[in-house]
Amino acid sequence: MTFRQWLMQHLKDSSALGDLAREFKADRCMRARTEQGQRAHLEEHGAIPAALEVHAAAWQQYREQSTA
């Protein structure tokens with residue numbers, strides 16, 4: 001399962017992770033598949049530091065669940 005597929009499972013969450021999922025779904029120009037590429041995209045589009053922190057935490061959670 002890709003990060004994006006994993007993230008889309010959280011669309012209905014009322015949490016920062018759910019917010020990130022909804023932002024990713026709405027972002028029509030997000031093409032990056034790597035954590036670094038996505039972070040660069042978020043930074044280029046003016047993401048606030050808190051959003052970057054949520055993104056990093058989401059990737060960490062994804063990695064942990066992917067290896068479990």
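The values are calculated or read from the model by the stated rules, or taken from the named source; none is laboratory data. Owing to the predicted nature of the structure, the values given are computational and were not obtained by experimental measurement. Using ideal geometry, Cβ is built from the backbone for each residue, glycine included, and neighbour counts are taken over all protein chains shown.
General remarks:
- Residues of region 10-42 that turn out to be of a type outside the set (K, R) and either assigned to a loop (DSSP other than H, G, I, E, B) or exposed (fewer than 12 other Cβ atoms within 10 Å of the Cβ) (or both), as a count: 12
- Filter result for L52 (crowded, with 16+ Cβ neighbours inside 10 Å, part of a helix (DSSP H, G or I) and either at pLDDT 95 or above or small (G, A, S) (or both)): no
- Filter pass, A58 being part of a loop (DSSP other than H, G, I, E, B) and surrounded by 15 or more Cβ atoms within 10 Å (Cβ to Cβ): no
- Residue tally, condition of a type outside the set (D, E) and under 12 Å from R4 (Cβ atoms), over region 16-36: 9
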